[in-house]
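Got a structure for you, questions after.
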Amino acid sequence: MFNQDHFLLDSGPWGWFYKILTPVEWLMTQVMYLFHKFLTMLGMNEIGFSWVLSIVFLVLVVHACIFPAFIKSIKGMRNMQAIAPKMKKIQQKYKGKNDAASKEAMQREMMKLYQDNNANPAGSCLPMMIQGPAFMSIWYTLSVIPFIARGKHAALGAFDIATAQQFIKTHVFGVGVADTFMTVGALGKVVIVIVVILMCAAMWYMQFNNIRKNLPPESKQGSQYTMQKLMMWGFPLIYVFSAFALPFAMLVYWLVNNIMNMLRSIWQVYAFPTPGSPAAEEKEERDYKRETARREREGLPSIEEEKLQQAREEAERRETEGFQRKQPQRKRKVTKR
């Protein structure tokens, strides 16, 4: 794909999809170019780290655009978790009823439950629906630049032949942005190996932290849990077998992307943990300490004192009204004669 005169991503089953993404790819070249110009204005060389950092900033911009959708999906998942018991009741209500009327009634009740609680079963897919095309566009953009530089592909956005040639002349730590593991010297091979190790470590830790802290005890058993542990080790190995054939520019993108995904996942486990998980227990403890400190600063009663006061008030109410609540009495209708 990278050493031939024909750019393979323009043909085959994915060719039409990349054509649809051309506006996104065009925009990404402009973002890279603007960041490069900004860095050169700050005094960096036109050829060198300025282009590598422009790739880094491009990935950061894409993640910043995706973050609002990510927050929305987290809130949607929390709402789905909150209504899970009600969903189960509806499913039990219509269990074993396969007639069309029952299926329609169950669907209607489930939709009403989603609407009343602002929950969306497909909400967790929203970031992937945005992130997938965005990062496919980054892949295409970084892959096509060497072809533009050789005059084997039409210009794309800000990358004409001159700009593309300037880009592929970039070398950092003995590695060119268009070089692969097989085309660099000993120092370059060491740099690529380190980058691949960091890529794999970021992906591994993201999954390890999620399994260790964000799963309730009841989820840490069965075939699904075994599959998650296998994925924790299996997914990073994909990079080991594929990354060595990719140009260094793509490795920079993958490394930054994996680090951002890891940081986002760590923040999610910290701020929005799964109920019943160790992370949720840690959050409850943090929230308790934070609330206690706030009350101390403002001179308010502690949480324990407030609960004790509520218990006293409830006891006094029971003594006054009795242990059984007074049932409301229906007003008698006065009949007119």
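The values are calculated or read from the model by the stated rules, or taken from the named source; none is laboratory data. No experiment lies behind these values; they were computed from the predicted model shown. FYI the Cβ positions are ideal-geometry reconstructions off the backbone, even for glycines, and counts take in every protein chain you see. Side chains are part of the model used for accessible areas, which takes the heavy atoms of the whole protein and leaves out ligands, DNA and RNA. Shrake-Rupley method; radii C 1.70, N 1.55, O 1.52, S 1.80 Å.
Conditions: (1) at pLDDT below 80; (2) loosely packed, with under 15 Cβ neighbours inside 10 Å. Residue 187 meets all but one. Number of the miss?
Only one criterion is unmet by residue 187, namely (1).
So if I check each of 300, 255, 263, which one is under 23 Å from residue 239 (Cβ atoms) and free of Cβ contacts under 8 Å to residues at least 24 places away in the same chain?
Answer to the selection: 263.
Being modelled with pLDDT under 85, closer than 29 Å to residue 19 by Cβ and either open to solvent by 30 Å² or more (accessible area, probe 1.4 Å) or small (Gly, Ala, Ser) (or both) narrows it down to one residue among 69, 149, 82; which is it?
From the options 69, 149, 82, the qualifying one is 69.
Does residue 60 satisfy the criteria of being without any contact (Cβ under 8 Å) to a residue 40 or more places away in the chain and more than 24 Å from residue 154 (Cα to Cα)?
no
Next question. Return a yes/no flag: does region 13-29 have any residue that is in a helix (DSSP H, G or I), surrounded by 15 or more Cβ atoms within 10 Å (Cβ to Cβ) and without any contact (Cβ under 8 Å) to a residue 40 or more places away in the chain.
No: region 13-29 contains no residue that is in a helix (DSSP H, G or I), surrounded by 15 or more Cβ atoms within 10 Å (Cβ to Cβ) and without any contact (Cβ under 8 Å) to a residue 40 or more places away in the chain.
List the helices (runs of 4 or more DSSP H) that sit entirely inside region 243-328 and contain at least 3 residues that are under 27 Å from the mean Cα position of the chain (by Cα), at negative phi and small (Gly, Ala, Ser).
Qualifying helices (runs of 4 or more DSSP H): 248-271.
Here are some conditions: (1) at pLDDT 90 or above; (2) surrounded by fewer than 20 Cβ atoms within 10 Å (Cβ to Cβ). Residue 167 meets all but one. Which one does it not meet?
With (1) at pLDDT 90 or above; (2) surrounded by fewer than 20 Cβ atoms within 10 Å (Cβ to Cβ) applied to residue 167, the lone miss is (2).
Take the residues in region 85-123 that are within 22 Å of residue 272 (Cα to Cα) and outside any helix (DSSP H, G or I), then tell me which one is modelled with the highest pLDDT.
117
Evaluate region 3-24: report whether one residue or more is of a type in the set (Asp, Glu) and within 18 Å of residue 177 (Cβ to Cβ). Give the steps one after another, and end with the answer.
Of the residues in region 3-24, the ones of a type in the set (Asp, Glu) are 5, 10.
Those still in the list that are within 18 Å of residue 177 (Cβ to Cβ) too: none.
Looking for residues that are of a type in the set (Asp, Glu) and within 18 Å of residue 177 (Cβ to Cβ), one finds none in region 3-24, hence no.
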